[in-house]
Amino acid sequence: MIQFGQYVVGGLATGSLYALVALGIVLLYRSSRVLNFAHGDIATLATFVAFTLLGRAVPFAAAVAAGLLAAAALGAAFFFFVLRPAREASLLGKIVITLGLALVLSGVMLVTWGADTQVFPFPLSDTRVYRLGGVVVSEMSVGTIGAGMALMGLMYGLVQRTTLGLAMRAVAQDATAAQALGIPARRIYALTWGLASALGGAAGVLLAPVVYLDPYMMLDPFLKGFAAAVLGGIDSLPGAVVGGFILGIAENVFAGYVSFKFKTTLAFAIIVLVLTVRPEGLLGREYRRRV
Amino acid sequence: MFTPLAPGRAAPGLARIPLFAVARTLVERYEDDLYLVKGPAAWTAVAALLIGLAALPFLLPRLGMGYLLFIAVLASANVIVAVGLNLLVGYAGLISLGHAGFVAIGAYASGLLAARLEVPWPAAWLGAAAISAAFGFLVGLPALRLTGPYLTIATLGFGIAVYQVLTNWTELSGGRGGLSVPALGLGVGGMSAIQQLALVAITAAVALCWIAYNLARSHIGRALAAIRDSDIAAEVTGVSLTWYKTLAFAISAAYAGVAGAIIAQALRHLEPQAFTFLESITYFAMIVVGGLGTVTGGIIGALLLTLIPHYLSGIKQWLPIAYGAVIIAMMLFEPQGLYGRWLRIRRYFKAWPL
């Protein structure tokens, strides 16, 4: 039982990272119907920016903030300069464009920072641990879960409780109608892109101390986050969080009891199974369409 | 396709069109429009191309460019994958971001058949195609219910799962240590191993392209295009979605399987690292750059994205950036791909004085 609790706590930490990544993906898909394959690379770039600033003795909070801002600016710029001119493109075309951006970004990071793994200095330690009735929790895990929860709460507040969130939801539902009501749809889109990219960046910063920093660091978490988003329903923000946690916990429990090697395979098997039964994901609603 | 106008009896509004412009574009029957190769000039060009391709394995070493034989083999394999992927993505409109998985299955199937069961290579290649097609059929089943992002993640997950299983199931794949593949023998004297392989690979690529051209213009191609344009409308008009969607996956996977067998022969030593997510994206990039939904587009894209990296290996680290930038530019300015641009240029000159 204690063993199981241990796996679940580990799963919560990974799950909150997946959920953060998934939230960014869902935000973008809901608003602009784009599957952003560059999400992970933008996040890695944010982490590298923070890493470089940390190396120049910038305080941790400022460095991370700068990294997230860089990600937000990049996301917004990508929307304005690439996606808007291509707004006629199909879903497939937009996927291809973001794949192109992903290649460019990972290439730029490879050229700038090299392929070697770097140790990302983080104020929380992975080895200092707390004990909760036999279950060991590292300081890092607590920080990750806490930061993840806080960001998700902030997101919820922003989207559901503020005027800005209302505008975002309106644009996501029907951009033309929203525009007719005087909502600056383009700025909302750009803001959504910035916000989603910054969320991804936060996940990157939380992940970097655990897996070490290299240009391909986010590939696996991005794919899992994407999978979590699809699992929960790609148009549902709560679905992204639920999907992230389910995936994280299932993966960790499976890795603990059955096989560590095949945990990624399991993750995708779960998704295919769930989608076969519920093609719209667990909490998604979008699937039915008019001819 | 065009107004059936007999030359010389042009309608009043078209009176100013020169006769030769009408005669060159005139199509009187649907069958005429379906011809793959039409007219003696086109036949001569095709014959010259085929002879040139057949002579390539013999010519290259004479010209002191024997090292290009390996590139020719890789290019053949990539052409096969791209043409097969284009049947799936470009014609049927079903996204696959896990095609490297099918290539890997083909490579390992042929390798295992040849190395462990000592099957002769033609049978091993056919086996690779069949096993790959079976997996394509399996992946096609969930594809019946999934579209857009959901299908993307399912295929992407498939590609990654194949990679992971190959990496971790060491009894099957030799794991990271790799699997050695016996060389293929044509039983022809006087040819080096790579020459033989190049000959076989080019032949396979030509044959599979020919099959793809024919599939594309047959009822299967039309059914797939109908599904791409609107699957509900296609179903209403009597196209069986179940059959054609799984068929598209199976055919596409069979193509990838043959390409995998060629790659297995070219590398002679298989490691899962040769079939990553990045490979899947590269295949995808090929058909986007060349042109979605045309066989020729797939061929052009595959050739370009095989040859350019080879000639630019001096600036290897800049390649992903260049790739990405080209893909974005292509989607922004030329969504029809290079072949689409070529078609437009050709149409312009065909109807030139107009």
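Computed from the coordinates by the stated procedures, all read-outs in this text should not be read as laboratory data. Since the structure is predicted, the reported quantities are computational estimates derived from the model, not experimental observations. For neighbour counting, all protein chains shown are included, and Cβ atoms are generated from backbone atoms with ideal geometry for every residue, glycine included.
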Here FRET efficiency (C-beta to C-beta, residue B:235 to residue A:52, R₀ 51 Å, nearest 0.05) is 0.40
To the nearest 20 debye, the stretch A:63-178 has a Cα-centred charge dipole, built from +1 on Lys and Arg Cβ and -1 on Asp and Glu Cβ, of 260
Listed residues A:182, A:248, A:100; largest mean-square fluctuation, Gaussian network over chain A with Cα springs below 10 Å, found at A:182
Quick calc: nm separation of the 7 Å Cα→Cβ label points for residue A:174 and residue B:70 -> 6.1
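To the nearest 500 deg cm²/dmol, what mean residue ellipticity at 222 nm is calculated for chain A from DSSP H runs of n ≥ 4 alone, each contributing -39,500 (n - 2.57), summed and divided by the residues?
It lands at -24500 deg cm²/dmol.
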In debye to the nearest 20, the charge dipole size for chain B, taken about the Cα centre with +1 at each Lys and Arg Cβ and -1 at each Asp and Glu Cβ, equals 860
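Rounded to the nearest 500, what is the 222 nm mean residue ellipticity of chain B from helices alone, with -39500 (n - 2.57) per DSSP H run of 4+ residues and division by all residues?
-23000 deg cm²/dmol
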To the nearest 10 degrees, the tilt of helix B:68-86 (Cα long axis) against the first principal axis of the alpha carbons of chain B is 60
So the angle from the long Cα axis of helix B:337-350 to the longest Cα principal axis of chain B, reported in degrees to the nearest 10, equals 30
Taking R0 as 41 Å and r as the Cβ-Cβ distance between residue A:181 and residue B:29, the FRET efficiency 1/(1 + (r/R0)^6), rounded to the nearest 0.05, comes to 0.15
So the angle from the long Cα axis of helix B:277-290 to the longest Cα principal axis of chain B, reported in degrees to the nearest 10, equals 20
To the nearest 20 debye, the stretch A:2-277 has a Cα-centred charge dipole, built from +1 on Lys and Arg Cβ and -1 on Asp and Glu Cβ, of 460
Label model pair residue A:80, residue A:129: point-to-point distance (7 angstrom along the Cα→beta-carbon line) in nm is 4.9
Largest fluctuation, B:118, B:31, B:279 only, Gaussian network model of chain B with Cα springs under 10 angstrom, belongs to B:31
So the FRET efficiency between residue A:87 and residue A:258, C-beta based with R0 = 41 Å and rounded to 0.05, is 0.35
Phi-derived 3J(HN,Hα) across the stretch A:119-133 with the Karplus relation (6.51, -1.76, 1.60, θ = phi - 60°), rounded Hz, x for Gly and Pro, is 8, 8, x, 9, x, 9, 9, 8, 9, 6, 10, 10, 10, 10, x
Taking B:129-139, B:36-46 and ranking on average Cβ neighbours within 10 Å, highest first, one gets B:129-139, B:36-46
Row for the stretch B:49-279, column shape: gyration tensor on C-alpha, a ≥ b ≥ c, rounded if a/c < 1.5 i.e. under 1.5, prolate if a/b over b/c, else oblate; value oblate
Listed by chain and number, the lysines with an alpha carbon less than 24 angstrom from that of residue A:94, same-chain partners under 8 positions apart left out, are A:224, B:245
Highest GNM mean-square fluctuation among A:121, A:221, A:85, for chain A with Cα springs under 10 Å, belongs to A:85
By the DSSP-based rule, helices of chain A that are at least 18 Å long along the axis (C-alpha) and have a mean Kyte score of at least 1.0 are A:2-32, A:39-55, A:60-78, A:91-113, A:185-211, A:219-232, A:237-257, A:263-277
